[in-house]
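Worksheet: one structure, shown below.
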Amino acid sequence: MTGTTPSFAPRFAMHLLAVAAVWALAGAALAQADAPPPVSPPPPLSPSPSGPAQPFSFGLSQTLMHESNLFRESANEEEDWNSVTALNFALDQPIGRQRLHGSAALQMNRYRDHDELNNTGHDVGLQLDWETVANLSGALGVQSARRQYRYGLDSVTPFDGLNIESTQSAFAQGRLGGMGEWALQAGFNALHREYSADAFAKLNDLSQWGAEGGIGYRPSPDLGFTALGRYTRISRPDSDLGVGDDVGRKQLELGVVWQATGASRLDARVTRAEEKHAVMDDRSFWTGGIGWDWTPSGKLRLRTQLLRDTEGSSGNVTNLEATMPAAPAGDQLRDAFLWSAQWAASAKISLIGTAQWSRRRFNDQFTATGSRIEDRTTAFTLGVRYTPLRALDLGCDVATEKRETNAQTLTEQLVTRPYDAMTAGCSLQFWFR
């Protein structure tokens, strides 16, 4: 037991007492609540089902997590407990033909043994969906996020100090053509990301912007096609380590969505991309994906995806699938299989499971021998949600993550490394409306 454990124990006990108090108050005050909870922030490891949103809501949440390998190391693994206390807000308000909706989470993160990682964070987003009488519609949105960078997602040796990732982004989308067969669409987005740790920031800070335009064709209500052209510009600041690898990417994407039956929906896309790099080699590649949503009953929902994509070409991006790794810009292509299931066991209890597998192939330039470096990551998640009251949610998750690689030399292991990790946690959310 470390020297910091006694100081954490009272805080841990206070968290448990606070959770019990909130539970008791919720049972006394909201047993007769009529409205369901709004869309809630996701619990620690896997997403929860979303309920109907209210015009405005705010709430409190408490999460306790344990990680067996906090820094995703190959050896000398360190475990730790993490407490996340959050104040959450949700907004969903129609304004004539428009709709304004958003969410915000203000978080306080505390660690038992590694208190040097203690930090505060936030995730705030606001979006306006708009439409006019002339078959014009679209959306505008902004988002700001501040969080501790997650160790092990980047493929170099993990940085094990406090490293706050701050991201600001914005987007605009427009579409001409309502329910007719043909439609024109265009969009623009911008992102700025920086890190608090100087050594990490020199290679990973970035700014980017992108624009796209194309057409959509919908011959029937159940079938739709899209063709999009996209350009993205990624800039990195120069540093004493050298010139940043600025990237210009051109893409052409074709997509299709087919509602095969009332319970089955298929989507597919294929993309051809060309990248021009300031430092690394230029390259061209194909990406794409196939997805299948199947709802065999009112209680069971399944999602299956096969993907080939490039991770990190816009930096160390966060993946939607929380346990999959990312890597520095333009380093690799990824083949992945993703599967998720959600089963409503009763009106108050639901189960969520996910299975994920990915393979990354790195550029030959990362090894002196010229051999192809690969790694494979497998992850499983199982979660349960319990909603004893309409304003109260309780969830617990357990996840395993394992990466294997053929990297052997010290130089190759700067690109990728093997590790095992297990994460378990529970969260409680209480909403006021």
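In straight Cα distance, which lysines are under 23 Å from LYS299, not counting same-chain residues fewer than 8 positions off?
LYS348
How do LEU70, LEU307, LEU410, LEU203 line up, fewest other C-beta atoms within 10 Å first?
LEU410, LEU307, LEU203, LEU70
Run down the lysines and flag those whose C-alpha is under 28 Å from the C-alpha of LYS250, throwing out any fewer than 8 positions away in its chain.
LYS202, LYS276
Since every read-out is calculated from the coordinates, none of them should be taken as a lab result. Everything numeric in this text was worked out from a predicted model, so none of it was measured. Here the Cβ is made from the backbone with ideal geometry for all residues, glycine too, and neighbour counts use every protein chain on show.
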